[in-house]
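**Q** Structure provided below as structure tokens; questions to follow.
What follows is calculated from the coordinates using simple rules that are stated; it is not laboratory data. On a predicted model such as this, the values are computed, not experimentally measured, just so you know. FYI the Cβ positions are ideal-geometry reconstructions off the backbone, even for glycines, and counts take in every protein chain you see.
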Amino acid sequence: MSSSHSDSQILDQAKADLLSALVSPPPIYPWLPHHEASEAYFADDPLGDDDPLIEAALAKGWQRFSAQMTSQWANASAPGVATILQRLKTQLQISLSDDLLHTLATAVATLEANRQTYLDRLVACAQSVLPTWDAGDLAVLARPLVYSLRDGHSEILDLNLQSIPQADWQSLSDIEQARLSLTLAAFALKVADQES
């Protein structure tokens, strides 16, 4: 008999809780977070602001999400980036970061549709990697490269790559970084022209 009595009490309590939930409205999300009435809503934080596990999980999830979005956006915005990037990696004998090569390949693929002069495209691609350099200074360094490529001397790309020391990008001088960027941009533009 006590079992049926306790079942009856549980059922009555469940009905009362259901009726209470239906009659009393839940706390409303404050659409104006700076309003005075919303302070009570935000003060009752069920997750807790100081939980390091939650903060670490949120940070890790956000990093993963942003990396996926960055790669998807790059692939959607410039379809030739993957091809240019692959050819750059297989052709080069020097070790450069993937970020640097990806930035350069994205700039080349973006500028390929824009029919500027070859010199202007070369300088714009190099500036994507070296944003602090002036376009005029890069153009001065790029002119001999453009003239030789225009005359059909494509071996100048290999000579430029060989003349730059085999070192880490950060250890190269500013001029060496600019020459390498222009050479890589010229090679990437050549690949993009062949693909189209």
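**Q** Could you name the lysines in cross-link range of LYS89, using Cα to Cα under 20 Å and dropping any fewer than eight places away on the same chain?
**A** LYS190
**Q** Using a Förster distance of 45 Å, how high is the FRET efficiency between GLN9 and ALA37, based on the Cβ-Cβ distance and rounded to 0.05?
**A** Given R0 = 45 Å and the Cβ-Cβ separation, E is 0.75.
**Q** In whole Hz and in residue order, list the ³J(HN,Hα) couplings for the range 99-111 that follow from phi through the Karplus curve 6.51 cos²θ - 1.76 cosθ + 1.60, θ = phi - 60°; x for Gly and Pro.
**A** Calculated HN-Hα couplings, in order: 4, 4, 5, 5, 4, 5, 5, 5, 5, 5, 5, 5, 7 Hz.
**Q** Now for a separate question. Could you check the simple spin-label distance between TYR147 and SER171, using points 7 Å along Cα→Cβ, in nm with one decimal?
**A** Each label point lies 7 Å from its Cα, and together they span 3.4 nm.
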